[in-house]
Structures are given as structure tokens and as C-alpha cells.
Amino acid sequence: MPELPEIELLKREIGPRIQNKTILKFKIRNHKLRWPILASLPKIITDKNVINCSRRGKYLLFHFEHGVQIIHLGMSGSLQFITNEPPGKHDHIEWTFNDSTILRMNDPRRFGAILWHDIKNDGTLYDNKIFKNLGLEPFSRKLTEQYLYNKLSNKKKSIKQILLDGNIVVGIGNIYSSESLFKSKINPLISASKLSISDCAKLILCIRETLCNSIKSGGSTIRNYVSTSGQSGNYIKNHASVYGRNELPCNVCGFKIIKIKQSGRSTYYCPNCQNVDKKIT
Ligand SMILES: [Zn+2]
């Protein structure tokens, strides 16, 4: 599943190539993604100028004067600039720009989404129901240890689950929450309300460090994520300390990494470095 670092990388790659370009053609080969794509969308954005490209959580946003195209890659989506390759079975969406640049979306499992936010009728982007409940961006200046501590103080859920929910801090995802909790020596099963203010400070630091490392190494290799240039990321192979390493020795203490299930998702942690008793007392 493409995670925040992958979408950040896509934004950095795609943004400069489509900024101030006009859409010549927007082709929908299959309307049935996670939600049906608005049939009138080609008419809405054809001959319109893309002002810029941004990211909010795991959503990629193409900004127009009259609205915003919201793109989510779901479980298996990818975006790639192409020249004149014929479309394959899972190439569902295509943007053609006035300089002949063509951007294509491939999504075998079709959990991705292409939505339209009309500025005149739907208000600001922050009013959109998708963005209303999203937490702060991990690199936001507003995300301080005091902020996190206050938000977690009445949360009974495990800290891992809270990070995955994305209502307090957005876009951390399964891989990076396991890694960030390992780095900060916090047990993933611990109730979020048990975190001290110094735990919160450490966690914020480790989340940022983990995401930065991943962005630098081109994202993760999980599933089908491919950057627009066709390069796969190598975060898991080169940087993961716990994710995907069950039964392997911890790089810090040599204990075996454990894999557990939390709300149906795999969590990996070191039972020694992230000893729950140390955190509770
Ligand atoms: Zn360890």
C-alpha cells in the first residue's frame, strides 16, 4: 500500500512536471474504482490549468482555479509518466497535458479513488468530509509533545492503533508506526493514555526520522508501489528494524522480533527493547 513517503515522493516528482500545464484530455477507461468516478469529470478539467500539486496525508491533490482533483492510490495504485505505450488491463486513468506529457494511473485491485472537490459548491478543501477528521501532518509545527500528550490523555486504545487511525497524526501507516514505536522504545500494545510527555516527544522525533529516512530511500517496496520513473523504493530492505523481521534477532539487543495482529494488521516489535512493563511503571 502506498504510504505517506511514497505520496510525498510522487508529489515532488509529478508537481514540477504538471504545474501551470493545461489538461488536453482526461481519459477514464474504468469508472469503477473504490467509488465511481464522476462521469462529467473529463468535461470539468479539460482545457483547465493545473495551478499546482500538493499532498494531504496519503492524498495527492491537483489544484485548479475552480476545484481540486483528489487522488488516492488505495491498496495497489501507481502513477507513471508514459510516452506512447499502449494501455494495459489495469491502466484505468490517463491525463494528457498540453506539452504532450501523459500521466497514467494503474490500479489492479481498484481500491484507489479519483474525486472532485468543487470550490464554489463544496467550500474549502478543509470542509471536505475526507479531510475533516484527518490529524496533523507529521512534519507540522503544530505537532508538539504537549499537543500529542493532551490528545492521547483520554485514549484507551493502543498507541499503535491510534497512530494507524490517523485522527491525531495523519499518514503514518502500518510499516512506519511499527518502526517509529521501535525507535522510541514504546510497546505497540500500550494504551495511548499511558504515554508520558517525554514518550510523546521521543515518538514525534522518531516518526519524523523514520519518514525522512523512507523519503530519502525512495519509499517502501511493499506491493506495487512504483514511482513515476518506474523505480521501486528500498526502505524495507535497507532500513526496517522490525517490520517484516519476525523471528529475526533485534539489531539492538539480539532478542527475537515478534509479530502480532492488532485490529487485523501485522505489528512487529522487540519484546525486550519495547518491554511494556518498563513503560507502565
Ligand atoms: Zn531489542
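Ignoring ligands, DNA and RNA, please state the percent of accessible area on the chain from carbon and sulfur, probe 1.4 Å.
After summing per-atom areas, the C and S share lands at 50 percent.
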- Treating cross-link reach as a plain straight distance, find the aspartates and glutamates whose alpha-carbon is under 19 Å from the alpha-carbon of Lys27, omitting any fewer than eight places away in the same chain. Asp47, Glu85, Asp91, Glu94, Asp99, Asp107
- Task: Sum up the charges of everything whose Cβ sits under 15 Å from the Cβ of Leu143, counting Lys and Arg as +1 and Asp and Glu as -1, but leave Leu143 out.
- Result: +2
- Query: How big is the equivalent ellipsoid of segment 1-148 along its three axes, where each semi-axis is √(5λ) from the Cα gyration tensor, reported in whole Å from largest to smallest?
  - Reply: 25, 18, 16
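Roughly how many Å² is the accessible area per residue of the chain, as a whole number, for a 1.4 Å probe? Before the final figure, lay out the partial values.
Values: 13490 Å² over 281 residues.
I get 48 Å² per residue for this part.
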- Task: Normalising by the residue count of the chain, find the relative contact order in percent from Cα pairs under 8 Å and 6+ residues apart.
- Result: 18
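The values are calculated or read from the model by the stated rules, or taken from the named source; none is laboratory data. Note that the coordinates shown come from a computational prediction; the quantities given were computed from them, not determined experimentally. Here Cβ is always computed from backbone atoms with ideal geometry, including for glycine, and neighbour counts include all displayed protein chains. Just the protein is used for accessible areas: all its heavy atoms, side chains included, with ligands, DNA and RNA removed. Shrake-Rupley method; radii C 1.70, N 1.55, O 1.52, S 1.80 Å.
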